[in-house]
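Read through the structure below, which is laid out as structure tokens, and then see the notes.
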Amino acid sequence: MKKKVFFIVASLGAGGSERVFWLLAQGFDKRLFDVFIVHLGQGKSVFSSVLNDVKVIDLETLRASKSFFKLLKLIRTEKPYAIFSTGAHINVLVSTISLFAKIPNIIARESNVYSEMADVRNKRFNFFKLLINIFYRRFNWIVCQSSEISSSFLTSFHLPPGKLKIIPNPVKEVPTNIVKTQQDLKSLKKVLIVARLAPEKMHNRLLDIFATLPSNYFLTIAGDGPCRERLVEQIHILGLSE
């Protein structure tokens with residue numbers, strides 16, 4: 001009998017976590033696993049919900065706080081062998097549900113560097129830190145996409161190191177037979193970033209890096225968010241506006 005694997009995410013919108021789960025779900029051996037993508041229906045879907053041998057379930061609950069009973073019922077019905085969730089609010093939800101439903105393996109994905117998120121240290125942030133300290137201990141594993149995220153997580157939450165696994169984000173294969181000429185290396189290098197301009201994205205680091213690159217590198221940032229004005233100010237200070 002094939003084992004069922006759930007990937008639980010807030011939506012199928014244009015986000016990094018959503019893309020990671022969308023790719024991972026397609027990469028599983030369908031001879032061994034029945035794969036489900038479960039989302040809350042937040043926002044407009046960007047990634048296709050029509051996938052070969054992957055069942056996509058929209059809970060239509062929109063928010064994690066309204067998803068407990070519907071997700072609990074689904075888990076009790078389908079009895080997944082493993083659940084892989086992403087996002088602090090979704091991870092806390094899954095951990096809470098694991099108190100009321102038997103789930104052999106629960107795995108959280110973490111992508112925030114909490115030690116660097118000084119700008120969002122408010123009551124809501126502190127409340128989430130408390131929840132993470134309590135509920136993340138129930139996870140069998142916590143997957144971090146880099147060593148920096150793993151180190152920050154251990155420093156911020158003092159969880160058992162054995163729970164943390166470093167697995168870089170999956171990417172699609174790209175052609176390897178591309179030959180670059182010397183002229184190509186000297187030409188203008190354009191980089192486009194499309195993202196929400198929020199503190200946890202740490203675009204300020206990206207700007208610091210671009211300030212050290214040769215003048216043939218050109219960065220365009222498309223997006224909006226609470227950090228927009230601060231990033232514009234940093235761009236002028238670093239002399240990157242030209």
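Rule-based calculations on the coordinates, nothing more; no lab input. Keep in mind that this is a model prediction, so the values were computed, not measured. Here Cβ is always computed from backbone atoms with ideal geometry, including for glycine, and neighbour counts include all displayed protein chains.
For segment 90-97, backbone phi angles converted through the Karplus equation (6.51, -1.76, 1.60; θ = phi - 60°) give residue-by-residue couplings of 6, 4, 5, 4, 5, 4, 5, 5 Hz, Gly and Pro being listed as x.
Just for the chain, what percent of DSSP beta bridges are antiparallel, to the closest 5?
On the way: 1 of 35 bridges.
Just about 5 percent of them are antiparallel.
Where both bridge residues fall in segment 1-102, DSSP classifies roughly 5% of the beta bridges as antiparallel. Sorted ascending by nearby beta carbons within 10 Å, beginning with the fewest, C144, C227 become C227, C144. Entry note: the chain has Rg to Rh equal to 1.00, where both radii use alpha-carbon atoms and Rh is the Kirkwood radius. Provide the net charge surrounding I107, with neighbours chosen by a C-beta distance below 13 Å and charges set as Lys +1, Arg +1, Asp -1, Glu -1. Residues near I107 contribute +3 overall.
With contacts taken as Cα pairs under 8 Å at a separation of at least 6 residues, the chain carries a relative contact order of 14 percent. In plain terms, the residue of M202, M1 with the fewest other Cβ atoms within 10 Å comes first and the most crowded comes last, giving M1, M202. Explain nothing, just the number: dipole magnitude of the chain about its Cα centre with +1 on each Lys and Arg Cβ and -1 on each Asp and Glu Cβ, in debye rounded to the nearest 20. That gives a dipole near 960 debye. For the chain, find the longest principal axis of its Cα atoms and tell me its angle to the long axis of helix 147-157, 0 to 90°, nearest 10. Roughly 60 degrees, rounded to the nearest 10.
The amide H of F7, built 1.01 Å from its N in the peptide plane, has F36, I37, V38, F84 as neighbours under 5 Å, considering only residues 5 or more places off or on other chains. Decide, for segment 1-116, between rounded, prolate and oblate: order the square roots of the alpha carbon gyration tensor eigenvalues as a ≥ b ≥ c, take rounded if a/c falls under 1.5, and otherwise choose prolate if a/b is larger than b/c, else oblate. Since a/c stays below 1.5, the shape of segment 1-116 is classed as rounded. Applying a threshold of 18 Å to the alpha-carbon distances of K2/K79; K2/K165; K4/K163 flags K2/K165; K4/K163 as lying beyond it. Computed from the C-beta positions of K123 and S215, the FRET efficiency with R₀ = 45 Å rounds to 0.55.
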